[in-house]
1. Please work out which residue is nearest to ASP28 (Cα to Cα), limiting yourself to segment 394-436 and to residues that are in contact with a His (Cβ under 6 Å, 6 or more places away or on another chain) and surrounded by 22 or more Cβ atoms within 10 Å (Cβ to Cβ).
2. When the residues of segment 273-295 are filtered to those that are of a type in the set (D, E, K, R) and part of a loop (DSSP other than H, G, I, E, B), which remaining residue is modelled with the lowest pLDDT?
3. Of all residues in segment 104-126 being touching a helix residue (DSSP H, G or I) at 6+ places or on another chain (Cβ under 9 Å) and closer than 14 Å to GLY81 by Cα, which is surrounded by the most Cβ atoms within 10 Å (Cβ to Cβ)?
4. Considering segment 242-262 alone, what residues qualify as being touching a Ser or Thr at 6+ places or on another chain (Cβ under 8 Å), assigned to a loop (DSSP other than H, G, I, E, B) and buried (at least 23 other Cβ atoms within 10 Å of the Cβ)?
5. So which residues in segment 194-246 are polar (S, T, N, Q) and either under 23 Å from LEU337 (Cβ atoms) or touching a helix residue (DSSP H, G or I) at 6+ places or on another chain (Cβ under 6 Å) (or both)?
6. If we keep just the residues of segment 93-116 that are without any contact (Cβ under 8 Å) to a residue 40 or more places away in the chain and either not assigned by TED's automatic domain parsing to the domain that holds PRO136 or not in a helix (DSSP H, G or I) (or both), which is nearest to PRO129 (Cα to Cα)?
7. Go through segment 54-108 and give me each residue that's over 19 Å from the mean Cα position of the chain (by Cα), under 21 Å from GLY198 (Cβ atoms) and of a type in the set (Val, Ile, Thr).
8. So in segment 204-236, with the set limited to residues that are assigned to a helix (DSSP H, G or I) and of a type in the set (S, T, N, Q), which one is nearest to GLY419 (Cα to Cα)?
Amino acid sequence: MKRKNVLMVVVCLMVVVHLPQNVYAQTDPGPRAGTAGAGGAYPGLGTGEQTMFTQSMQAFMEVDSVIGGMTGEDGAGLGPGFNGNSCAQCHAQPAIGGSSPGSKSPQNPIPNPQVALATLHGATNKVPPFITPDGPVREARFIMTVTQSGAVPDGGVHDLFSVAGRTDAAGCGLAQPDFARELGRNNVIFRIPTPVFGLGLVEATPDSVLRANLAANAAQKGFLGIRGSFNTSGNDGTITRFGWKAQNKSLLIFSGEAYNVEQGVSNEVFPSERSADGGCAFNPSPEDFAGGDAAEKMSDVLAFAMFARLSAPPTPADPTPSTQNGAALFDKVGCSLCHTATLTTGASRYTGMSSVAYHPYSDFALHHMGWNLADRITQGAAGPDQFRTAPLWGLGQRLFFLHDGRTSDLVQAIRAHDGRGSEAGGTVRRFNTLSPAQAQDLLNFLRSL
């Protein structure tokens, strides 16, 4: 028995020796504490632009009900289907305009607001199983629509909740989608909110800058299997750059789509009411529009776009020896070949935004991420496993990672990039060769952004 025990110990030691040297050795430091490094206006804006930013933020924070008149809910047009009732409800971490809120936020720990929203004002919704108090805010998309004649590609958002049962939606009979059935078919994928901080700089970046950046370092990229391409407009061929698959051309389109899809509010950009059956259309369309009683009234959709355009980019933490070494390793292993540290804007009509070098840590291009991350949905030129390189600025204070929020751990997020067919596989394998101390420095650097 003693001899067997000795042999078992030797075998175990041999297994440990042959594991990658940094397995279980590094730890995600977690979301950075302290004040939010984002959420304010872009520095140096003119007086009128600063006023515009403040007014736009107020619109971004507005809470919508169905027909208006609810206490504390100044907006109208919610539903018939919806995922949230305010932009700021979902874009909240670490400040208004950010990513999904959560109970582990060092700045504002709150449970997922979608849980309480399900039954607000008497609504009769059930909370879907993928929406949990400690989990991320999510939207759900169906990969296919199944009909009696077969299955056809879908890819669209199926709102979590209906206004049916609410005191301000009398007579609406719209049922929730059957998420249990579609989950059983493995037919549901998720998306979480993307931050809007600093996006005026992204919008002001010329296509020529993005194309030159993607073409740079071709030999290094080719060695690691990195290619990349752009999603483009079918009308003029210009680069689209907003959304998880870079499917939206401008911040105005991005905002109009989100208002219509996430809150169910028809608007000048997306004027058709969604799911307007079952006696659930309570307002004329578009529900959000410029003008009204005051000729100078700005539409909510334009306000949302202006809030993003005039917001400041996230502010990173002060560098330390560890984060400086991590930044060098970020370049060495190849992360920066897709997560480009610096881009430069062109001429902008907004004060101080022309010819600005900014640091998004993204090339805004599409890359094949392999079948670990594939959502099997096509949007424009973005195929089933392609995603826009997620900008990393502000990552240090985010709570959830990847397009579906499947993890809160940076190490897991990095390793999820190494799926079959992923352009990031070579870079992840380089990361896995780092010593424990080096890997920790790289993680510390990411949490400093």
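1. ALA424
2. The qualifying residue modelled with the lowest pLDDT is ASP293.
3. GLN114
4. Across segment 242-262, the qualifying residue is only ALA246.
5. Once the filter is applied, which keeps residues that are polar (S, T, N, Q) and either under 23 Å from LEU337 (Cβ atoms) or touching a helix residue (DSSP H, G or I) at 6+ places or on another chain (Cβ under 6 Å) (or both), segment 194-246 yields THR194, THR205, SER208, ASN213, ASN217, GLN220, SER229, ASN231, THR232, THR238, THR240.
6. By that ranking, first place goes to ASN112.
7. Answer for segment 54-108, where residues must be over 19 Å from the mean Cα position of the chain (by Cα), under 21 Å from GLY198 (Cβ atoms) and of a type in the set (Val, Ile, Thr): just THR54.
8. Of everything passing the filter in segment 204-236, GLN220 is nearest to GLY419 (Cα to Cα).
The values are calculated or read from the model by the stated rules, or taken from the named source; none is laboratory data. Fair warning: this is a prediction, and the values are worked out from it, not measured in the lab. Cβ coordinates were reconstructed from backbone atoms using ideal geometry, including for glycine residues, and neighbour counts include every protein chain displayed.
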